[in-house]
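Worksheet: the structure to be examined is printed underneath.
The values are calculated or read from the model by the stated rules, or taken from the named source; none is laboratory data. Nothing here was measured: the structure is a model prediction, and the numbers come from that model. Cβ: placed from backbone, ideal geometry, glycine included. Neighbour counts: every protein chain shown. For the accessible areas, the whole protein counts, side chains as well, though only heavy atoms, and no ligand, DNA or RNA atoms are used. Shrake-Rupley method; radii C 1.70, N 1.55, O 1.52, S 1.80 Å.
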Number of protein chains: 2
Amino acid sequence: MPSTARTVRAQAPAVKVLPEPEGLPEPLPEPAVGDLRLENVLAALSDPLRLLIVRKLLLESEQFDHTCGWFGLDRPKSSLTHHFKALREAGVTRQRQYGLERRSQVRVTDLNARFPGLLDLVAAWTPPDGT
Amino acid sequence: MPSTARTVRAQAPAVKVLPEPEGLPEPLPEPAVGDLRLENVLAALSDPLRLLIVRKLLLESEQFDHTCGWFGLDRPKSSLTHHFKALREAGVTRQRQYGLERRSQVRVTDLNARFPGLLDLVAAWTPPDGT
DNA sequence: TCCGCTGTACGACTTCGATCGTACAGGATG
DNA sequence: CATCCTGTACGATCGAAGTCGTACAGCGGA
């Protein structure tokens, strides 16, 4: 499946560095920057699994978006969909529909603008044990 | 009720400034600094009422501890006790038993050491409406 | 001493969210 | 076209947490 990621990457040209090269699918419904609420963001980040997801996105590739399979989490797929939706609805991540798959990226700019320092805490976080 | 708050202040001499003048009651059971977990702290802070409590403590008097009546929240007393306990068990606040009342203060030093910047976000937070 | 006031303890109710099983969509491969 | 595989949609279940009513503890004032 990492090979798949590479394949799809080819489909979305490597030109993309975040300046939104116009060819991207529309993001799924998400709160606007001004509508981000600290309590919602904190609630979304209060789950260890979601904390792990966001941290991995931040540390290993904040520049690109990824499918939920990329994370290598051993949970049922339906559980993962649930958590990714929770993150998006809280405004932590942005999701785009690439064909039949849905990729996520952290809304770094928006979050740093509204809650400076918060993502640093997430990046510094360490999982409870060998999750 | 605000008058009551003034009364209680008089009861606890203004000498106390935080350097722990030895005469303080032992804090109620709380997690040690090293045991503070980001996910627990975020969960505790994901509730608007608790966010309001912590913010009020930070902005209006981080030097003193306060009884739950001091906050002027129009909720049943049992609800307030519940939230104060949640904050303490997550490690956000420290509670001491003064006779029959239980006063709270934010663990500013501990939180800044473990999660720098987090309390700034709480202090900058604004309630949803006229709570 | 009796009454009132403030705050905690306990327990019940209810809502929300985490978890997962199953069914379905749709490209990839042969 | 049939099959496989990845990922989403939907719905059920279960446990945790928010909410609150009531009872109780104990100081202060008349």
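A few points about this structure:
- Looking only at residues in region B:83-131 that are at negative phi, part of a loop (DSSP other than H, G, I, E, B) and away from chain A (no Cβ under 11 Å), the one that is nearest to DNA strand D (Cβ to nearest atom) is B:L100.
- Of the residues making up region B:90-115, those that are open to solvent by 80 Å² or more (accessible area, probe 1.4 Å) and farther than 16 Å from B:E26 by Cβ number 2.
- Among the conditions (1) closer than 23 Å to B:A124 by Cα; (2) at pLDDT 85 or above; (3) surrounded by 13 or more Cβ atoms within 10 Å (Cβ to Cβ), B:G72 misses just one, which is (3).
- Applying the condition of being under 13 Å from B:R88 (Cβ atoms) and not in a helix (DSSP H, G or I) to region B:33-72 and asking which residue is nearest to the other protein chains (Cβ to nearest Cβ) yields B:L36.
- Residues satisfying the stated conditions in region B:72-96, i.e. out of contact with any Asp or Glu (no Cβ under 8 Å at 6 or more places or on another chain) and near DNA strand C (Cβ under 9 Å from one of its atoms): B:P76, B:K77, B:S78, B:S79, B:L80, B:T81, B:H82, B:F84, B:K85
- Boolean, B:A124 is at pLDDT 90 or above, open to solvent by 20 Å² or more (accessible area, probe 1.4 Å) and under 21 Å from B:P25 (Cα atoms): no
- Taking the conditions (1) among the hydrophobic types (A, V, I, L, M, F, W, C); (2) under 26 Å from A:D35 (Cα atoms); (3) open to solvent by 20 Å² or more (accessible area, probe 1.4 Å) in turn, B:A86 satisfies each one other than (2).
- A:P48 vs. criteria touching a residue at least 24 places away in the same chain (Cβ under 8 Å) and within 10 Å of DNA strand C (Cβ to nearest atom): yes
- Taken over region B:13-69, residues that are among the β-branched types (V, I, T) and either modelled with pLDDT under 75 or loosely packed, with under 15 Cβ neighbours inside 10 Å (or both) amount to 3.
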